[in-house]
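The values are calculated or read from the model by the stated rules, or taken from the named source; none is laboratory data. Just so we're clear, the structure is a prediction, and the values are computed from it rather than from any experiment. Quick reminder, even Gly has a Cβ in these numbers, built from the backbone with ideal geometry, and neighbours come from all protein chains shown. Each accessible area value is taken on the protein alone, full model and side chains, heavy atoms only, with ligands, DNA and RNA left out. Shrake-Rupley method; radii C 1.70, N 1.55, O 1.52, S 1.80 Å.
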Amino acid sequence: MPIDALLFDKDGTLFDFAATWNSWSSNLIRALADGQGELAQTLAQVLRFDLAAEVFHPDSFVIAGTNAEVAAALCPHLPAWSAAELAQFLEESAAEAPVVEAVPLAAFLDGLRAQGLVLGVVTNDSEASAFQQLDAVGVRDRFAFVAGYDSGYGAKPNPEPLLAFCAATGVAPGHCAMVGDSTHDLQAGRAAGMKRIAVLTGPAQRRDLMPYADVVLPNIGEIPRWMAQMTENSP
């Protein structure tokens, strides 16, 4: 069955996760701890983040989590903050993160669109943050659909936001591929009835993604070659 649409996760997929978020997360934890070293270590442990190495552990829930989930986990250790205030602070801070493209996105996305592919983004980040970061690199207009966890469709691994993309674009799930760097992305794709393309520009390892994916690629830049090979090998 041909692929007519590609639905991308954002962090770790369109944007390199480590290059975008590791330093930002370290600075955020230290700012929230307000100079208290022990508290900073506690917050880092909650988020499964190695402060010394400035890197997330591959099993960190933050990788595919929402701002609300992160805020709820941190709030017991930050009594001066309400969950709503902290979630809002995280959203505003994340929107300012210096995103690093996994590949040069404008040329890559234009190439996909030239092949007639419909493109979308579904992220567990907020809609506002997604819009701001896609605008920052000048590619928001390449996508027919962009949704965050707060866009009204829910969050991955639930398939609802993926199916909302299909409803909005008129492309059947079986003709779509979900592209992501986490098991949440791939589980959502499976539940929606889509093909699943995993990429290694996030913290997850190949062995973690392989059971859920149709293919595991180094980065999104390899997708056109893979699709061409699929076409050549199809009966």
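Projected label points at ASP135 and ASN27, each 7 Å from Cα along the beta carbon direction, are separated by 2.0 nanometres.
Beta bridges per DSSP, both residues in the range 1-130: antiparallel share near 40 percent. For the chain, DSSP calls about 15 percent of its internal beta bridges antiparallel.
Here the spin labels are modelled as points 7 Å beyond Cα on the Cα-Cβ line, and at VAL103 and LEU39 they lie 4.4 nm apart.
Accessible surface computed residue by residue for the chain, with neighbouring protein chains in place and a 1.4 Å probe, gives 43 Å² per residue. Pairs of Cα atoms nearer than 8 Å and 6+ residues apart set the relative contact order; for the range 140-235 it is 19 percent. Placing pseudo-labels 7 Å out from each Cα toward the beta carbon at TRP226 and GLN88 gives an inter-label distance of 4.0 nm.
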